[in-house]
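Participant: Sharing a structure here in structure tokens format.
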Amino acid sequence: NGIRFRRGQLHMIAGQPGSGKSLLSLDYAVHAGVSCLYFSADSDEDTVFNRVGAMKMGMEVNAVEELRETPGVGMLEDELGSLTNVRFVYDSAPTLDVITDEIDAWFEVYGEFPALIVVDNLINVVCETTDNEWQGLRHLVSAFQEIGRDTGSAMLVLHHTSEGEGKPTECQPRKALMGKVAQVPEVILTIALDPVAARFKVAAVKNRSGKADATGGTFAELGVDLAKMHLFEQQYVTQNVTQAVDQYWS
């Protein structure tokens, strides 16, 4: 669909609470194979450990959590030890100074900035320049765009859409973003999760270098296994269903 995360640009993934924002950003960070600094303000270390373990080992999140209490935890630690491209920061209310200090520390250690910087999510970041929530959000978004341009990193920020705008199983329009922050990012994706149908929808409501539909009505659709924190292409699902039916009747 022409959706790209480009270095030096600001991208936003937005959706209602529980829509899978962290699922998509974690999946991308783990599988993109590029250096990534991930600010996990919305989820604690244990939660991320279990989710990433499920992604890497193809297990259910609950099974990973149980595995951590057994001698098999060594196998899990070995698997996660191979994830050398991602580093997590778990400050639950970081300021811009904290974020820039961590980015500078990365440069000091590796001699270059990370290819990808993820902020999960925008409302957890503390803006010290104003007490007005909406002004603060706009200030932060502009600051993240500047960080992306200064570092050459692809900035990916997670954000909320209004819960009163449309069905939770449908991608929200661009106007549903909280805080009127749509002017700054080069790419804005709104997402929606249908857990019953096991479908995950991604709509480009803003895309300066490709196709976009501000209404959210045009979207890509993925399959999702929530228990395993796994996203996959719909064609794969269709093929497997067809194979299963063929095997049944044969």
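Participant: Sorted by accessible area (1.4 Å probe), largest first, how do 57, 229 line up?
Facilitator: 57, 229
Participant: Per the helix-only calculation at 222 nm, which mean residue ellipticity applies to the chain, given -39500 (n - 2.57) for every DSSP H run of n ≥ 4 and division by its residues, nearest 500 deg cm²/dmol?
Facilitator: -11500 deg cm²/dmol
Participant: Roughly how many Å² is the accessible area per residue of the chain, as a whole number, for a 1.4 Å probe?
Facilitator: With the other protein chains kept in place, the chain gives 50 Å² per residue.
Participant: Label points 7 Å out from Cα along the Cβ direction at residue 129 and residue 77: separation in nm?
Facilitator: Taking the two extended label points, one gets 4.4 nm.
Participant: So what's the projected area for the range 1-69, the Cα convex hull averaged over all directions, in nm²?
Facilitator: Spelled out: convex hull of the Cα atoms, projected over all directions, averaged, 6.0 nm².
Participant: Ignoring ligands, DNA and RNA, how do 123, 13 rank by accessible area with a 1.4 Å probe, largest first?
Facilitator: Ranked list, largest accessible area first: 123, 13.
Participant: If you take every DSSP beta bridge fully contained in the range 37-194, what fraction is antiparallel? Give it as a percent rounded to 5.
Facilitator: Once the DSSP bridges in the range 37-194 are tallied, antiparallel ones form about 10 percent.
Participant: Let me ask something else about it. Carbon and sulfur: what percent of the range 15-105's accessible surface (1.4 Å probe)?
Facilitator: Answer for the range 15-105 is 46 percent, counting heavy atoms of protein chains only.
Participant: If the viscosity is 0.890 mPa s and the temperature 25 °C, what translational diffusion coefficient in µm²/s does Stokes-Einstein give for the range 4-144 when Rh comes from Kirkwood over Cα pairs?
Facilitator: 150
Participant: For the chain, what is the charge dipole size about the Cα centre, in debye to the nearest 20, if Lys and Arg each add +1 at the Cβ and Asp and Glu each add -1 at the Cβ?
Facilitator: 1320
Participant: Mind ranking 209, 22 by accessible surface for me, highest first, 1.4 Å probe?
Facilitator: Descending order: 209, 22.
Participant: Continuing with the same structure: Need the C-alpha centroid separation for the range 121-181 versus the range 1-56, integer Å.
Facilitator: 15
Participant: A further question on this structure: Hey, in the GNM for the chain with a 10 angstrom Cα cutoff, which one of 96, 189, 122 fluctuates hardest?
Facilitator: Largest GNM mean-square fluctuation: 96.
Participant: Another question, if that's okay. Might you work out the accessible area of residue 184 for me, using a 1.4 Å probe with all protein chains in place, and round it to the nearest 10 Å²?
Facilitator: Approximately 30 Å² of residue 184 is accessible to the 1.4 Å probe.
Participant: Further question: Mind checking the alpha-carbon convex hull of the range 113-243 and giving the volume per residue in Å³?
Facilitator: Measuring per residue, one finds 143 Å³ for the Cα hull of the range 113-243.
Participant: Output the relative contact order of the chain, whole-number percent, from Cα pairs under 8 angstrom with separation of 6+ residues.
Facilitator: Worked out over the chain, it gives 27 percent.
Participant: Which residue, 177, 80, 137, has the most motion in a Gaussian network model of the chain that connects Cα atoms within less than 10 Å?
Facilitator: 80
Participant: Would the range 120-192 count as rounded, prolate or oblate if I go by the C-alpha gyration tensor, calling it rounded below 1.5 in a/c and otherwise prolate when a/b exceeds b/c, oblate otherwise?
Facilitator: oblate
Participant: Let's test the formula: R0 of 51 Å, r as the Cβ-Cβ distance of residue 4 and residue 70. What FRET efficiency results, to the nearest 0.05?
Facilitator: So the FRET efficiency works out to roughly 0.75.
Participant: Moving to a separate point now. With every protein chain left in place and a probe of 1.4 Å, what is the accessible surface of residue 230, to the nearest 10 Å²?
Facilitator: Spelled out: residue 230, probe radius 1.4 Å, area about 80 Å².
Participant: Heavy atoms of the protein only, probe of 1.4 Å, neighbouring chains included. What is the accessible area of residue 167 in Å², nearest 10?
Facilitator: 140
Participant: In Å and on Cα atoms, what radius of gyration and Dmax does the chain show?
Facilitator: That works out to 18.7, 68 Å for Rg and Dmax.
Participant: Now for a separate question. How large is the Kirkwood hydrodynamic radius of the range 117-162, counting all unique pairs of alpha carbons, in Å?
Facilitator: 11.1
Participant: So, one more: Pick from 136, 81, 152: which is most flexible by mean-square fluctuation in a GNM of the chain where alpha carbon atoms under 10 Å apart are linked?
Facilitator: The residue with the greatest mean-square fluctuation here is 81.
The values are calculated or read from the model by the stated rules, or taken from the named source; none is laboratory data. Quantities reported herein were computed from a predicted structural model and do not represent experimental measurements. Neighbour counts are summed over all protein chains in view; Cβ atoms, including those assigned to glycine, are modelled from backbone coordinates with ideal geometry. Surface areas here come from the heavy atoms of the whole protein model, side chains and all, with no ligands, DNA or RNA. Shrake-Rupley method; radii C 1.70, N 1.55, O 1.52, S 1.80 Å.
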